[in-house]
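Just so it is clear, none of the values below were taken in a lab; they were calculated from the coordinates. What you are looking at is a predicted structure, and each value in this text was computed from that prediction instead of being measured. All Cβ positions, even for glycine, are placed from backbone atoms using ideal geometry, and neighbour counts span all protein chains on display.
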Amino acid sequence: MLLQKHSRGRFRKQDAKKMLRLAQTTVGITDPIWKYELQLLIPRLLELQVQIKGVKEKIHDFVYENFGNEVTGLLAVPGYSVISAAGVIAFVGDPKRFTGRRATNKLTAFAGLAVTQHSSGQKERLGRISKAGPSLLRYHLGWIGMRAVKIQGPVKEFYDKMVNRGKAKSLALVAVARKILRCSFYILRDGVAFDPNKLKRRSGLQTSVFVAS
């Protein structure tokens, strides 16, 4: 039951029994002490699940009490959850600190999603993302992106177009994460609403935002 719940239905009781049989026949662990240790660990796992649920509820209450409008705005963007919205809000902080005409580029660099450039003689080529800045922010954006590309809509269409043109799925997901971050910036800074009809793509990996004025 526990395995089925936390695998979101992908593993059931018969799968757990099969895994146990495979472990006994391939690894050869039949000592009952291991079964006893497992019985001790399961209550701890259940207790942790209760604690995690409590923490999520605290985060939920806090962000809605202090950043209700911002969370509501971000939740309109495909892929967002309350927890991921809280993470993005926490790491971005005051969005107005990213100033100037290239404010979104500064935020992208802060998040470590800017593409590095390498020069060799007179040739320049794009490298990997810099991965500068808070890794947990990139984790949240990556998680949001992976959820967003499974939802029918403009973000999934953007992702599918990149993959169909031969881009690696990992690169397409990075582009999605960048797009979501840029959109989130305008929602947080200006209080604008998400508008899926304004999703457009520019050349390369540089993407426009998609918000309603």
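For residue 21 and residue 55, a Förster radius of 25 Å and the Cβ-Cβ distance give a FRET efficiency of 0.10, rounded to the nearest 0.05. Expected output is a single nm value to one decimal: the length gained when fully extending between residue 164 and residue 105, i.e. 0.36 nm times separation in residues minus the C-alpha distance. What is it? So the chain would gain 18.6 nm between residue 164 and residue 105.
For segment 134-148 versus segment 35-73, the inter-centroid distance based on Cα atoms is 19 Å.
Of the trypsin sites (Lys or Arg not before Pro) found in segment 34-118, the ones in coil according to DSSP and having at most 13 other Cβ atoms within 10 Å of their Cβ are 101, 102. For segment 32-107, the alpha carbon positions stretch 66, 26, 22 Å along the principal axes, listed from largest to smallest. Cross-link pairs exceeding 25 Å between alpha carbons, from the set 56/169; 96/161; 131/179; 58/150; 96/167: 56/169; 96/161; 58/150; 96/167.
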